[in-house]
Amino acid sequence: MKCPPLIDDEEERLKALVDYGIGPDHPLPSLDPVVQIAARMFDMPVSAVNMIGNDHVFFAASIGVEAVDMSRRVSFCAHAITQNEVMVVEDATQDERFFDNPLVAASPHVRFYAGVPLRSPSGYPLGALCIIDVKPHPEFSEEDRQRLRELAGMASDRLELRRIEFATTRAKPRASFQTLADDPTCPFIRFDSSLNLAGWNGPAAELFGYDLHEGPGLNLEDLLAERERELFRTLIKNANAAGGIDALELPPEMTGRRKDGAEFLFEYGLSGRLTGNQLLLAMALRDLR
């Protein structure tokens, strides 16, 4: 098996990828129609927009995908982003790069692959739109390649809209912790760097649909939409390592999750102090419904 080579300016490429605010737990729903169209257009069981991280691959959108090895070293798309054109593998068992790849030799037994690199405005390859089958397709034509390029153009447009949207969100002025906390009706939560709740007030319990006594013992992740959890957990872990929150680039808004599963948008202010080796934090919230 030939592992995919790294891209020139790999560090800059990874920085460009961060600008889109997508990850394993943050897919991009606007790309779902693109992969659905691709699967139908080419009569393929699998289509995906794969983004290439440092040592892993994650789906921005996918259809027909099973649980597979998501490491970069076995990824077909990690090869595709090194090319300027559509990468077509008519029969992976006959290709020296892939014949002994675990994705070919074992489940899901990939035989056919076609992928188009998706680039940032600065030209960095972020990932690829791909179609996959478990049978070879020697008939994949130049016209087919052109149609896949056109779908990749749709995917790139939607990625660019996401980049602009994410940049706008990051630039939005954050709510001040003190401004929010000065309001006696403001929901207020205290938690540690493991996100375990140390306490909350009545408005916070009411906002999330709990009784006041249910707060201690909850984890803050219980109160966040699933797609928000990994990013916030990582941010607080980094804050604990740095000994404070001053250098954090926190999103100004997040999506909360009530006890009944309903989701809602809120803005918040965050405060933290280091006690021993433990960062203790307080969050003041404002419901944006």
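The values are calculated or read from the model by the stated rules, or taken from the named source; none is laboratory data. As the structure is a prediction and not an experimental result, all values here were calculated from the model. Positions of Cβ are generated from backbone atoms using ideal geometry, with glycine treated the same way; all protein chains shown enter the neighbour counts.
When you go through Val46, Val86 one by one, which is the residue that is in contact with a Lys or Arg (Cβ under 6 Å, 6 or more places away or on another chain) and more than 30 Å from Leu224 (Cα to Cα)?
Numbers: Val46 fails: in contact with a Lys or Arg (Cβ under 6 Å, 6 or more places away or on another chain).
Checking each option against the conditions leaves just Val86.
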> Just checking, which of Asp43, Asp91, Asp69, Asp25 is farther than 19 Å from Ser156 by Cα, surrounded by 14 or more Cβ atoms within 10 Å (Cβ to Cβ) and modelled with pLDDT of 95 or more?
Replying inline: Asp91
> Could we say that Arg286 is in contact with an Asp or Glu (Cβ under 6 Å, 6 or more places away or on another chain), part of a helix (DSSP H, G or I) and not polar (S, T, N, Q) here?
Replying inline: no
> under 23 Å from Asp211 (Cβ atoms), among the charged types (D, E, K, R) and in a loop (DSSP other than H, G, I, E, B) - does that describe any residue in the range 263-275?
Replying inline: no
>> Taking the criterion of being outside any loop (DSSP other than H, G, I, E, B) and aromatic (Phe, Trp, Tyr), would at least one residue in the range 41-52 satisfy it?
In response: yes
> Just one of Leu235, Leu218, Leu231, Leu250 is in contact with a strand residue (DSSP E or B) (Cβ under 6 Å, 6 or more places away or on another chain) and in contact (Cβ under 8 Å) with a residue 12 or more places away in the chain; which is it?
Replying inline: Leu218
>> I'd like to verify a number: residues in the range 224-248 that are part of a helix (DSSP H, G or I), touching a Lys or Arg at 6+ places or on another chain (Cβ under 9 Å) and hydrophobic (A, V, I, L, M, F, W, C), how many?
In response: 0
>> Take the conditions at pLDDT 95 or above, among the small types (Gly, Ala, Ser) and closer than 30 Å to Ala38 by Cβ and apply them to Ala225. Does it pass?
In response: no
>> Just the residues that are in contact (Cβ under 8 Å) with a residue 24 or more places away in the chain and either among the basic types (Lys, Arg) or touching a Lys or Arg at 6+ places or on another chain (Cβ under 8 Å) (or both), please, taken from the range 99-120.
In response: Arg111, Phe112, Ala114, Val116, Arg119, Ser120
> Residues in the range 213-223 that are assigned to a helix (DSSP H, G or I) and surrounded by 13 or more Cβ atoms within 10 Å (Cβ to Cβ): how many?
Replying inline: 5
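Let's see how each residue does on (1) part of a helix (DSSP H, G or I); (2) loosely packed, with under 15 Cβ neighbours inside 10 Å; (3) in contact with a Lys or Arg (Cβ under 6 Å, 6 or more places away or on another chain):
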| site | (1), (2), (3) |
| --- | --- |
| Met1 | no, yes, no |
| Ile7 | no, no, yes |
| Glu11 | yes, yes, no |
| Leu14 | yes, no, no |
| Val34 | yes, no, no |
| Ala38 | yes, no, no |
> What single numbered condition from (1) outside any helix (DSSP H, G or I); (2) in contact (Cβ under 8 Å) with a residue 60 or more places away in the chain fails to hold for Arg149?
Replying inline: (1)
> So how many residues does the range 189-202 have that are more than 28 Å from the chain's Cα centre (by Cα) and either outside any helix (DSSP H, G or I) or surrounded by 19 or more Cβ atoms within 10 Å (Cβ to Cβ) (or both)?
Replying inline: 4
